[in-house]
Each structure stands twice: as structure tokens, then as C-alpha cells.
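In what follows, a structure is listed as C-alpha cells, so that the remarks can point back to it.
All of the numbers you see were taken from the coordinates with simple rules; none came from a lab. Not measured: the values here are computed from a predicted model. When we count neighbours, we look across all protein chains shown, and the Cβ atoms used for this are built from the backbone with ideal geometry, even at glycine.
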């Protein structure tokens, strides 16, 4: 089995979290994680959505799982619940919610294919990822310094064909 991490490449809609620090929102959540040097932040029930960088998974591979990964913490108030959502066309699959801790913590959760069925390699071309604060509270500030998609897959089997050079 092999793994590919897909960083975000553009903000899409909804675009509701604020840039807390860094050059822009894409840089703020892409790897490498640089904690409070670059991050996005939310204070209420908001969603921030991104398109993903192109996959380099070889044709003929079988996707075994797709996970949303976020690295989050709260910086004021208290931790509220946050989750990663995967979006494919008009369908959304929500990851589990996690309480935002006081120190940066990474959560990686396998998420079902939006719309159901098995993941296909072609799905990755239009897959989007979102971070969503699902619990509100007065005086709270939630931060995200990493948001990406992790794809586990099995590469295509070697056909074993050999050619003779004449």
C-alpha cells in the first residue's frame, strides 16, 4: 500500500474563515505545519473550503481510503468542535467532530466517499476539502494550521510482461 498527501491549491466557496497569519489562506494551511506562523481562524459557525492539488497516483491504482487531516487548536475562549468535510460535486461527507485543544493537535479521519460507493481515482480530480466549526461560543478563536487530504491506495500490479530486444 502507498499513501499520497494532497495539499490545497485554491480557496473555493464558502470562504468564511479569516487569515490569521501568513501570506494567504492556501499557504497558511499547507504543509509543512508551521503552527502560529501561518494559520486560518474562526470565531463562530463558519466553513472554509478548498480545491486540491492534482494527484500523482498512478493510473490503475485502487484507492483503499481517503482521510481528511487537520491540525487545530484554540487560542482564546475555549475549544469548540471542528470537523473536516469532503465534497464531491453536490455531495458532502462529514468527518467526525473534534474538540479544539489548547495545543496544536493533528486529527486524521477516514471519510466515506460523498454520494456513497467506492472511491475512484477520477474522484480526486474534483474532490474538495473543507474545515467547519460546528459549535459556537462567546470569545472563542479556533485556529487551523494544516488542512489536507490523505489518500491510501494500492498501486497497479506489475503485469510481468517482458520484451525481447532483437
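Annotations
- Potential extension, residue 61-residue 135 segment - 0.36 nm per residue separation minus Cα distance: 22.8 nm
- A straight chain from residue 157 to residue 103 at 0.36 nm per residue would run longer than the Cα-Cα distance by 15.2 nm.
- Note on the range 95-120 and the range 30-73: Cα centroid distance 10 Å, given to the nearest whole angstrom.
- If R0 is 25 Å, the Cβ-Cβ spacing of residue 27 and residue 92 corresponds to a FRET efficiency of close to 0.50.
- Correct choice for P(r) over Cα pairs in 10 Å bins from 0, in percent that was computed from the model, options [x] 10, 30, 22, 12, 8, 6, 5, 4, 2, 1, 0; [y] 9, 30, 27, 16, 10, 6, 2, 0; [z] 11, 39, 30, 12, 4, 3, 1, 0: [z]
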